[in-house]
């Protein structure tokens, strides 16, 4: 029954991942924990499935030339070592604490997306102002958090690309998925070595989440950017609040 429920969760997570520019680990973790998967397994097991799902979704975006490859290159270069370091830190933090931390982060980022929307529209940052240090700082922060929380980074990348780098929402989602597909790999390797991954659960989850991620990306590309940004912010707040209340 747990695997059946995990497959159903994969359907929703795959679609939301493609729609919201994230691998879906942050959303999958509390759901899997709620159906009885041990905390640290629920934290780490969705991660391997995000590799193919984010690749599929980012490919859909790349066909529309929405990916900012400069942002992607810098994010990967600094994000990979930071992700490895963050994953190693999980030995010092309990799985339950990581689950709750994920929920709180989702709420905070959702509020920031909604509150700062008007300011970003009125004061967009020119592409020339995206300094290497700014890109490196975002990538390092996301890498540490994604490794610690066993995420591909999409749950932080897209909001930070929007709020700090002030990328257009669709470019932020597209670039986030491209980076997340790479950052999920070192985190997967480290968590697998630590024995945190249930590979049967991974296979079932991936079988349903990967196809739906492509569909989610296609829907996002056909949605009005301002509406998509509001949906994105409200989705993060709603999901984080619900999961925070789950036992």
Quiz item: If you go through the range 193-222 one residue at a time, how many are free of Cβ contacts under 8 Å to residues at least 12 places away in the same chain and over 12 Å from residue 49 (Cβ atoms)?
Solution: 3
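Taking residue 98, is it modelled with pLDDT under 70, closer than 14 Å to residue 184 by Cα, crowded, with 18+ Cβ neighbours inside 10 Å and touching a helix residue (DSSP H, G or I) at 6+ places or on another chain (Cβ under 6 Å)?
No.
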Quiz item: Only one residue in 81, 52 is surrounded by fewer than 23 Cβ atoms within 10 Å (Cβ to Cβ) and over 14 Å from the mean Cα position of the chain (by Cα), so which one is that?
Solution: 81
Quiz prompt | Selection status of residue 144, in contact with a helix residue (DSSP H, G or I) (Cβ under 9 Å, 6 or more places away or on another chain), farther than 23 Å from residue 64 by Cβ and at pLDDT 85 or above | solution = no
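The values are calculated or read from the model by the stated rules, or taken from the named source; none is laboratory data. Here the structure is a predicted model, which is why all the values come from computation and not from measurement. Because the Cβ atoms are built from the backbone with ideal geometry, glycine has one as well, and the counts that use them run over all protein chains shown.
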